[in-house]
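Reviewing the structure listed below.
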Amino acid sequence: LCAQFPITVPEISGNIQSREIYSNPWQEFPFLRTMHMNFKKIIFLDMTFGSGGHTKAILQKESDIVLYALDRDPTAYALAEHLSELYPKQIRAMLGQFSQAEALLMKAGVQPGTFDGVLMDLGCSSMQLDTPERGFSLRKDGPLDMRMDGGRYPDMPTAADVVNALDQPALASILRTYGEEKHAKKIASAIVQARSIYPITRTQQLASIVAGCTGESKLFWRCPKA
C-alpha cells in the first residue's frame with residue numbers, strides 16, 4: 001500500500017475515538033490547516049474507522065475533503081456506510097483488513113499517489129471495549145471471542161479456541177511476541193493448568209487466571225461450584 005500509494009502520515013494528538021463533542025478539530029488535526037493551503041481537495045484514508053470519531057471531527061471543520069473509511073469490523077463498517085449516506089460526496093466506506101486495503105482501493109478506482117495522508121488509530125476501539133459480547137472488555141464479563149472481524153468469518157477461531165487448544169510453548173510464544181508479556185511462560189503455564197479443570201470460555205475467567213499468576217490482587221471470576 002505504502003509503495004504504491006505515497007502518503008504523508010500526520011501527527012495526531014490524543015485518542016478521540018470515544019468523544020462525542022469535537023470543539024476544535026483544527027487543534028486535534030493541525031495538519032489540516034497546512035494541507036488546506038496546498039491542496040484544492042484533500043483526499044484521506046482512515047484505516048481504522050471504528051466509531052468514526054476522527055472522521056466526524058474532520059468533517060465538522062473541513063468540507064472540501066474525501067475520506068476513504070476502512071475497517072474490518074462489520075459494526076464499524078455499518079457506521080461508515082451510514083455516515084456515507086449523510087456525506088455522500090465525502091465518505092467512501094470499505095470493509096476489510098489492512099492487508100486487503102490495496103485491493104479494495106484498486107477496485108474502487110483509486111490510483112497510486114491519490115492520497116494526501118493516512119489516519120491510523122491502532123488497537124481496539126472504545127466501541128469494541130464497551131461491548132462485552134465482543135470479548136475484549138474486562139469491566140463486564142462476556143464470551144472469550146476477541147475476533148476483530150466479529151462473526152464475518154464463522155470458521156475463524158475465537159480466543160477461547162486458542163487458549164483451550166494450543167500447547168504451552170505456543171501460548172507463551174503468542175503472549176511474548178504479540179503482547180510483549182514478560183510473564184509469558186508463567187501465564188501460559190497457568191492457562192494450561194486451569195483449562196485441565198474447566199474450559200476457559202469467559203473474559204473475566206481468563207483475566208483471573210492471568211491476575212493470579214502475575215501478582216495482581218483483583219479477582220474477576222470464580223470457579224463454578226460442583
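Only the coordinates and a few stated rules stand behind these numbers; no lab work does. These numbers were taken from a predicted model, which means no experiment stands behind them. In this analysis, Cβ positions are derived from the backbone assuming ideal geometry, glycine residues included, and neighbour counts consider all displayed protein chains.
Within segment 131-214, the proportion of Cα pairs with more than 21 Å between them is 25 percent. For Val66, the amide hydrogen comes within under 5 Å of the amide hydrogens of Ile42, Ile43, Phe44, counting only partners 5 or more places away or on other chains and with H modelled in the peptide plane. With neighbours defined as other Cβ atoms within 10 Å of a residue's Cβ, the residues Met127, Met106 order from fewest to most as Met106, Met127.
Restriction of the GluC sites (Glu not before Pro) in segment 120-185 to DSSP coil positions whose beta-carbon has at most 10 other beta-carbons within 10 angstrom yields Glu180. Indicate the gyration tensor shape class of segment 81-167 (rounded, prolate or oblate), computed on the Cα atoms with a ≥ b ≥ c the square roots of the eigenvalues: a/c under 1.5 is rounded; otherwise a/b larger than b/c is prolate and the rest oblate. Cα axes put segment 81-167 in the prolate bin. Counting every other Cβ atom within 10 Å of each residue's Cβ, Thr177, Thr131 order from fewest to most as Thr177, Thr131.
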